[in-house]
Every structure is written in structure tokens, then in C-alpha cells.
């Protein structure tokens, strides 16, 4: 992530990406964390879907879009996310 | 985006506002009901769905203003953040239900900074309630982000992107023109033609010919983005992935495929290029490449770019079996590798290697059932999988199997 990113911003970003289908939900049993690679990929997909430059970084534009009011439904289905990971 | 969801099997759907915003100072109950009515009408105006308000508790679309965790798996989060959601069609108890976050300041005809325009959000959510998923298209109402008020509910016209998507689910409501794109100068109605004048008689003939999908043959046929396109003269018909006609009336090629020369009166062949999914149009010795529905710069170019030594092609299609592009002309065919942009060695070969196909095809296309389809005159032939032989039982009538024409229409005197 960007050097100036706070832990809180990172957590918020990860929560947002999970909530709207870009990242698989964290495993409640193992508490498995997201890998950096998966996070970067998820951010890029989110940026592309949102019409932003695909940097893979939680930059200000990306965080700004995450704060934009929106519909609760996810943008990417879990099944689709799984397919993407397998590839 | 999400994979396509179910659609409603019925066409008459009931709705009811079960709970209203707590802050009635902003929006009264009658206003809320009126806005819901008009937001549903946006969809039913263009597609054969009918919404009617009911008082009972068993409405298909139950509308609630609620807040925080309301036990449906999608808790609201106070002002901002998530503002509404709706459940896709289906058999579940909650299917079609639509929830608005009561912590938002819902407004109508107010500046953006004063709150959230209820009509705009309702149009989006009802899109979900009838089966549409989120899209990344910036101009779409189904983009997940709130984009501000959309104006007068009585005059609101859906973006073309959304119209096409709902037509794919439910078809087009009678009397709706699916080619009419608001705000696009190229989509404005053409002035009426005085058909009695001698110089306009050819226009009349072309128009009449193009409009009769049940008796005409086609210049070109292509599978584009999973849908089928049948081109005839200056027009085309479009079929969804499920082989449903988007409209019984044809659309004008020039109004949809932007950038072709205005004097182009027909096309020879069309195909979607494997790899980059650009769309290639052929006419005589020229070809054009489209990115989506806009022509790329630098076109037309000569078909000799493909290594084709002829003055045009009859047919072009991509064989699913090997992802290669096949060109047909008279009794010859060529195999082209679009990934390496070069013609394969050893071609042309004689089309008789494709057993059962006629000479001088109109066009060919692949289809999502894994087969290739070849078209000539009013008939078509199916070649399954990696075979090079026509399946038994063909040819069959294009009009009947693809274009929803009855036996009587297909067997018109013209067919002789």
C-alpha cells in the first residue's frame, strides 16, 4: 500500500473490498490474513470497475471512491472471485 | 460484475411501501409512494413488466425504510456508506424486496448536498429487484455508486446501457424503439422521406426489404459478445444469448456501429476477433475494426492485410474448436491466425472439404452451443463441434429457428 497509509485506512480498505466481493471474506477459523498479492489484485479490479487508474494501491482517489455512498450489494460474486484466484 | 441472476417468470408484479422514512418533514408518505411508482415505471415503460401497488402483506416488492442491522445480512451503516439494497428475483421470501437506509436524508428535487435523491436510488434498486446486477459503465444507473439526482421522474429516460440489459432479460415493450439513444445527436429521428419521388424509390425498396426479416436472406451474420447479429442492407436484428430478439424491428447499422461510411449500403461479413474481442466488418476489398461499437482510427484498410488475394469475402467466423478465423469466398476457404495476425500455410483449400455446405455462403458464425452455423439464402446449416460435416436434418429455415417467424410467414410466395 501507499507509504502514507495508516493501519486504520488499510483495515477500512480490506473490509470494503471484502464487503463488495473483491476479496474473499477472512477465514473465521484460522484468521488467515489476506496476502499482499491478493490485496493488490483486488484493488486493481475495484479501481477498474470504478473507472479509476489501476495502480493496485489504496491511493486517495481509491479511498475517496470507497467513501462514496453506494448500494449494499457486492460488485463481484464470490464464485467469480474464486475463479479468478484459481487462475 | 455478478453473474446474471434470475428474472421474474411472471410479468405482473405487486409492490407496497411497508414502512416509511421516520423524518416525514423531508418527504411525506404520498411523495414516497409517488417516487416509488415513477421509479418502477421507468423500467415498465420499456419492457413488458407491469407493476401495481397493493395494500396487503404479500406484495412481490416490499419496500422498507429501515436502519442498522435489520436481519437480512445487509446491515446499514448510518449516514453515507451503504444507502440501499434490493433482493434479486427468485423463489426466496425476500426476492424483490427493497430496503432504504432510514439514516440517510432522503430528498426529492433538492441540491445534491442536502441529501440523497430517493428517486435516483429507487431506480437503481428496482433494477436489482427485477434482476439487473451492478455494472462498471459510467453512464449506467446500475453503477453501484450514488451519482446524484437524475432529474424529473416524469421525464427520466434510462441510459441505453440499462435499456439493453433489461431488454435482454424481458424483451422490449411494444412500441418502444431500442435504437433511440437520448442525448446522442446521431440518434435523432431522420426526416421523413417522400417516397413518391422517383429518386426516393430505391430508399423505399431497401427499407421494405430490410424490414421483412421472415422472407429475406442476410448479408452477414455474426456472434458478437455472445449475441447474434443478422445484417441485411442498412439494418440489423439482434438476438440475446438465449436467442430472443431484442426487437422485432431492425436497427440501423450506422446508428449503432459508429464510423462506417454513410454511403455503405450493406456489409459482406462480420466477426468478433479472438483475443482482443474487436469486431471486424468486411465490405468488398475493405475492412473496418471496431472497438465496441466505435470504429478504430486508420480504417478502412484493404483485406490484403489478412493475406486474402480476393476482392471480398462471403463469410468469416471463428471456429471454437481451434480459435482460428475462417474466411470463405466462392469455393475456397482460408484459415487465419488472429493471435499472430497471419494466414496459415496451405490455404486456400476447397470448400468441399466441409461436407454438406453450399458454395458462396452469405456468412457463418460460431454459437455458444459449440457449433458453427452457415447461412445462405433463407436456410442455415449446423456443423457441430470440431466436425467438418453438416449435421443430419439441415438445412433449416433461418426465419423460423432464429427470427421468430411463423410457418406461414416463412412459407410466403417469395420463398420460391
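The values are calculated or read from the model by the stated rules, or taken from the named source; none is laboratory data. Computed from a predicted structure; not experimentally measured. Neighbour counts are summed over all protein chains in view; Cβ atoms, including those assigned to glycine, are modelled from backbone coordinates with ideal geometry.
Just a few scattered comments:
- Looking across the range A:14-29 at every residue that is in contact with a helix residue (DSSP H, G or I) (Cβ under 8 Å, 6 or more places away or on another chain) and either within 14 Å of chain B (Cβ to nearest Cβ) or over 25 Å from residue B:80 (Cα atoms) (or both), the one that is modelled with the lowest pLDDT is identified as A:25.
- Residues that are under 20 Å from residue B:36 (Cβ atoms) and part of a loop (DSSP other than H, G, I, E, B) were ranked within the range B:111-130; the one that is nearest to the other protein chains (Cβ to nearest Cβ) is B:115.
- Yes/no for residue B:66 being in contact (Cβ under 8 Å) with a residue 40 or more places away in the chain, more than 24 Å from residue B:162 (Cβ to Cβ) and within 13 Å of chain A (Cβ to nearest Cβ): yes
- Residue in the range B:21-35 that is in a strand (DSSP E or B), surrounded by 21 or more Cβ atoms within 10 Å (Cβ to Cβ) and touching a helix residue (DSSP H, G or I) at 6+ places or on another chain (Cβ under 8 Å) present: no
- Residues satisfying the stated conditions in the range A:45-72, i.e. closer than 21 Å to residue B:149 by Cβ, touching a helix residue (DSSP H, G or I) at 6+ places or on another chain (Cβ under 8 Å) and not in a helix (DSSP H, G or I): A:71
- Criterion: within 12 Å of chain A (Cβ to nearest Cβ) and farther than 18 Å from residue B:145 by Cβ - qualifying residue of B:79, B:89, B:48, B:75: B:75
- Residues in the range B:237-248 that are over 16 Å from residue B:272 (Cα atoms) and touching a helix residue (DSSP H, G or I) at 6+ places or on another chain (Cβ under 7 Å): 1 in all.
- Subset of the range B:36-62 that is under 28 Å from the mean Cα position of the chain (by Cα) and in a loop (DSSP other than H, G, I, E, B) - its residue that is nearest to residue B:160 (Cα to Cα): B:46
- Check on residue B:229, modelled with pLDDT of 85 or more, closer than 20 Å to residue B:338 by Cβ and in contact with a helix residue (DSSP H, G or I) (Cβ under 8 Å, 6 or more places away or on another chain): no
- Of all residues in the range B:246-255 being within 19 Å of residue B:161 (Cβ to Cβ) and crowded, with 18+ Cβ neighbours inside 10 Å, the one that is modelled with the lowest pLDDT: B:246
- Just so you know, in the range A:30-74 the residues that are away from chain B (no Cβ under 14 Å) and at positive phi include one that is surrounded by the most Cβ atoms within 10 Å (Cβ to Cβ), and it is A:56.
- Of all residues in the range B:68-84 being buried (at least 18 other Cβ atoms within 10 Å of the Cβ) and under 19 Å from residue B:107 (Cβ atoms), the one that is farthest from the chain's Cα centre (by Cα): B:76
- Among the candidates B:123, B:54, B:150, B:133, the residue that is in contact with a helix residue (DSSP H, G or I) (Cβ under 7 Å, 6 or more places away or on another chain) and surrounded by fewer than 23 Cβ atoms within 10 Å (Cβ to Cβ) is uniquely B:150.
- Residue-level check: of (1) surrounded by fewer than 18 Cβ atoms within 10 Å (Cβ to Cβ); (2) in a helix (DSSP H, G or I), residue B:94 misses just (2).
- Filter result for residue B:56 (over 20 Å from residue B:21 (Cβ atoms), more than 11 Å from chain A (Cβ to nearest Cβ), touching a strand residue (DSSP E or B) at 6+ places or on another chain (Cβ under 8 Å) and modelled with pLDDT under 95): yes
- Considering only residues in the range A:2-13 that are part of a loop (DSSP other than H, G, I, E, B) and either within 12 Å of the chain's Cα centre (by Cα) or surrounded by 10 or more Cβ atoms within 10 Å (Cβ to Cβ) (or both), the one that is modelled with the lowest pLDDT turns out to be A:2.
- Residue B:133 vs. criteria over 23 Å from residue B:105 (Cβ atoms), in contact (Cβ under 8 Å) with a residue 40 or more places away in the chain and more than 14 Å from chain A (Cβ to nearest Cβ): no
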